[in-house]
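For reference, the structure is listed below as structure tokens.
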2 protein chains.
Amino acid sequence: MEKQTITIYDVAREAAVSMATVSRVVNGNPNVKPATRKKVLEVIDRLDYRPNAVARGLASKKTTTVGVIIPDVSNAYFASLARGIDDVATMYKYNIILANSDGDDKKEINVLNTLLAKQVDGVIFMGHHLTESIRGEFSRSKTPIVLAGSIDPDQQVGSVNIDYREATKDATNKLIKSGNEKVAFISGPLLDPINGQLRLNGYKDALKENNMTYNEGLVFESEYSYKAGLNLYDRVAHSNATAAVVADDELAVGLLNSLTDKGISVPGEFEIITSNNSLFTDMARPSVSSISQPLYDIGAVAMRLLTKLMNKEDIEEKSVILPYDLIEKGSTK
Amino acid sequence: MEKQTITIYDVAREAAVSMATVSRVVNGNPNVKPATRKKVLEVIDRLDYRPNAVARGLASKKTTTVGVIIPDVSNAYFASLARGIDDVATMYKYNIILANSDGDDKKEINVLNTLLAKQVDGVIFMGHHLTESIRGEFSRSKTPIVLAGSIDPDQQVGSVNIDYREATKDATNKLIKSGNEKVAFISGPLLDPINGQLRLNGYKDALKENNMTYNEGLVFESEYSYKAGLNLYDRVAHSNATAAVVADDELAVGLLNSLTDKGISVPGEFEIITSNNSLFTDMARPSVSSISQPLYDIGAVAMRLLTKLMNKEDIEEKSVILPYDLIEKGSTK
DNA sequence: ATGAAAGCGCTAACAA
DNA sequence: TTGTTAGCGCTTTCAT
């Protein structure tokens, strides 16, 4: 690379000061006489000098870059989190290295290691399920890590979420109150703690509160996708459920469309409440009632928490729970 | 930072070789006796040595990192491109620094500069509209740049797109052939070259081919959003159009829903063809016919092109045009 | 096949 | 307020 490599040394020479002084003005160190500062700034401008962040990183041991591990940016849920993360990162002068993992254990570990090799100052991790191995890496790492919209059963690192259990309980309750005696629970893999532990327990809580018995036949494990939702019709119909709490919007709209395509009226004959209140829920006809998670904020707060961690500030509480809402739209009575 | 900083020097000492040799085995340089290599690898493993990419970057002047400037990751269109970019980047051992610009000139320039300061090996830029200033930065930069799904009128940098003009012509033609005498053209800002030059001209081409006169009253400039689509009803109804080619899926579904909510049957009384064939088009009822752009591939090919540029390989053609399709679904007869 | 040594461009004591 | 001088951890000639 024969980049017009203007270095701090060139500036120092032209301005007839030392590198240290140039470094000081570049870094806003107050210990510089205004006249000197002015002179240096002029030269910087004239030479079009741009500090080399890599050299700076090596010398200072800080890269002002954080790693973001995400299952899939093209998934609306995670993309919203990512946007929140980047905005706050920018606000605090960080950049993000974004890496897709597909939720795959090997890739997650791989990418975490390359991020650490790149000396990121911190990491934000998103994933449905934290495997033993990734948690091992986390506990081994000296670099601050925060989970966004993801659960670590033993909370060794920071995290930002909503209360999935309570939210699911609320949704289920609403469906029960409106007269449904068989409410289905439709989620992604129950192996994922958010589904198998928090949401499912919230669902059970609601049943218990209403003296209804838990029936495994009403629990449906599915992939998170529109197509999977479409294909759910037969199984759900077979269960005689008349309502469902669904853990994913694509899934929910898929189910909704398969229902209405078969002539079953929503919400008349079947009610649905989904979980992310994404644009999908507004576009569907009828629109879909939903728990509303502050996705952008979850990302933003996670990044904010990470800045504190990177700064070695004291943290009041490293597991943050943000509020949710229940938005009633067209898919509930 | 008191990271357990194991350096190449530690490895060299433990393995009783020189730093240079360690560097060779780490970098897969063949000039190392197998026995030596083995010994070094053992020590690396034992010490859990991980090369510092920042130091490597400073010494080699390559960071294996590329910058990606994107208007908004939480927009499905760009998120798809981003996913394609990252997958190919990973394939070629690059990481991406992702930065949202909101299509804002100042932010774009800002972020481009910090990316260059971070010594990225290349940049992928996405944006609706290349301002003079950003194009100035591009031409000044020695770092390879490729546009993905974006048009630079004077093609100074590489780019990957579809033929928006031809695609829009096809879509318009289809609508005309099916009997519509007033076909609306609904896009984002006409200031953006993709809309104002390519798409609009494709629309005009189709009119001309069919001996129809161009009527400005049928051209609607709008924001790219679902909500904007919903609000389009009055204006569109007023124009007496009976069909529309729309440049954005959210916009299209918004229009569709506002139409059906008002009791206008689609496609019976109004036909729609949109542009990105995203999941939105399948979820809507009726589903929306669409031009199908290979978004993931546009991103992937852009990144592939960038790898060639970074590698100083010869490029056959730096403006790549990928094929599109016209997918007929429920919103056309 | 291996080693010695000079940087890469910057920060951060430490002096002055 | 300013300068001197070590590094930061690695790659890369150039010797050997």
Qualifying residue in the stretch B:85-93 (condition: surrounded by fewer than 19 Cβ atoms within 10 Å (Cβ to Cβ), at pLDDT 95 or above, more than 22 Å from A:Asp86 (Cβ to Cβ) and at the interface with chain A (Cβ under 9 Å from one of its Cβ atoms)): yes
Members of the stretch B:215-272 found to be within 19 Å of B:Gly188 (Cα to Cα), polar (S, T, N, Q) and more than 28 Å from the chain's Cα centre (by Cα), listed by number: B:Asn215, B:Ser239, B:Ser258
Cross-chain or 6+ apart pairs with Cβ under 6 Å, the stretch B:45-62 first and within 7 Å of another protein chain (Cβ to nearest Cβ), then part of a loop (DSSP other than H, G, I, E, B) and β-branched (Val, Ile, Thr): B:Gly57/B:Thr63
Residue match in the stretch A:75-82 (condition: within 30 Å of B:Lys312 (Cα to Cα), touching a Leu at 6+ places or on another chain (Cβ under 8 Å), within 13 Å of chain B (Cβ to nearest Cβ) and crowded, with 16+ Cβ neighbours inside 10 Å): no
B:Gly67, sole failed condition from (1) closer than 20 Å to A:Leu58 by Cβ; (2) at the interface with chain A (Cβ under 7 Å from one of its Cβ atoms); (3) surrounded by 22 or more Cβ atoms within 10 Å (Cβ to Cβ); (4) in contact with a helix residue (DSSP H, G or I) (Cβ under 6 Å, 6 or more places away or on another chain): (2)
So B:Val22, is it crowded, with 21+ Cβ neighbours inside 10 Å and of a type in the set (A, V, I, L, M, F, W, C): yes
The stretch B:22-43 residues that are of a type outside the set (Val, Ile, Thr), paired with ones that are surrounded by 12 or more Cβ atoms within 10 Å (Cβ to Cβ) and part of a loop (DSSP other than H, G, I, E, B) (beta carbon under 8 Å, 6 or more apart): B:Ser23/B:Asn29; B:Arg24/B:Val32; B:Lys39/B:Val17
Spans of strands (runs of 3 or more DSSP E) in the stretch A:110-219 with at least 3 residues among the hydrophobic types (A, V, I, L, M, F, W, C): A:122-125, A:145-148, A:183-187
Single unsatisfied condition, B:Asn201 versus (1) modelled with pLDDT of 95 or more; (2) in contact with a strand residue (DSSP E or B) (Cβ under 9 Å, 6 or more places away or on another chain): (2)
Unique match (being modelled with pLDDT of 95 or more, surrounded by 21 or more Cβ atoms within 10 Å (Cβ to Cβ) and among the basic types (Lys, Arg)) among B:Lys118, B:Lys107: B:Lys118
Test: residue in the stretch A:7-17 that is within 14 Å of chain B (Cβ to nearest Cβ), away from DNA strand D (no atom under 12 Å from the Cβ) and aliphatic (A, V, I, L, M): no
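The values are calculated or read from the model by the stated rules, or taken from the named source; none is laboratory data. Not measured: the values here are computed from a predicted model. Neighbour counts run over all protein chains shown; Cβ positions are idealised from the backbone, glycine included.
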